[in-house]
């Protein structure tokens, strides 16, 4: 379904992650864990927690999402982020989307989600996206595009949001744009 390099909006591309990307991905993960750094604890302890979570993430995704595609996002040949998409038999699922600090807040994440919605249309499957409840802009974007919260998969930290392509979108009659939420295909 997704092979090779994918062209994305804003001059971005996504390509399969390579072993040579490990250092970049680890550094980006560590730099983006401000939530853990706010804890009232010694710096060495906080850094060890971040390292443990990085190792758990690296090991856990493979077990939990065996059909996941791991991609590095580049802009003009420079690595700026990562996206992990699980391609299941029933749905597509965003597992992880992250950007370096300089690339955050520029609308790149929204364009990646629209690309995933287009991929879901082609696959004729719903798209599931985890949204941190404290990420208000992401929640508003998802609601604007017709995502619904699946409360059976949500928890206190994450709302698991589901998007269902319509029959018109799957047949090419309608393009992806803001719309009210629909359940199933209509």
Seminar exercise, completed: When the chain is treated as a Gaussian network with springs between alpha carbons less than 10 Å apart, the largest mean-square fluctuation among 130, 16, 66 is found at 66
Problem set entry | Degrees, to the nearest 10: 108-123 long Cα axis against longest axis of the chain | 50 degrees
For this session: Kindly provide the helix-only [θ] at 222 nm of the chain, computed as the sum of -39,500 (n - 2.57) over DSSP H runs of four or more divided by all residues, to the nearest 500 deg cm²/dmol?
Result: -10500 deg cm²/dmol
Problem set entry | Value of D in µm² per second that Stokes-Einstein yields for the chain, Kirkwood Rh from Cα pairs, at 20 °C (1.002 mPa s) | 122 µm²/s
For this session: Take every Cα-Cα pair in region 1-108 and report what % of them are more than 19 Å apart.
Result: 49 percent
For this session: Give, in nm to one decimal, the length gained when the segment between residue 118 and residue 53 is fully stretched (0.36 nm per residue of separation minus the Cα-Cα distance).
Result: 20.3 nm
Exercise. Label-point separation (nm) for residue 38 and residue 182, each offset 7 Å from Cα along Cα-to-Cβ?
Worked result: 3.8 nm
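Values quoted throughout were computed directly from the atomic coordinates according to the rules given, and no laboratory measurement underlies them. For clarity, every value in this text was computed on a predicted model and none was experimentally measured. When we count neighbours, we look across all protein chains shown, and the Cβ atoms used for this are built from the backbone with ideal geometry, even at glycine.
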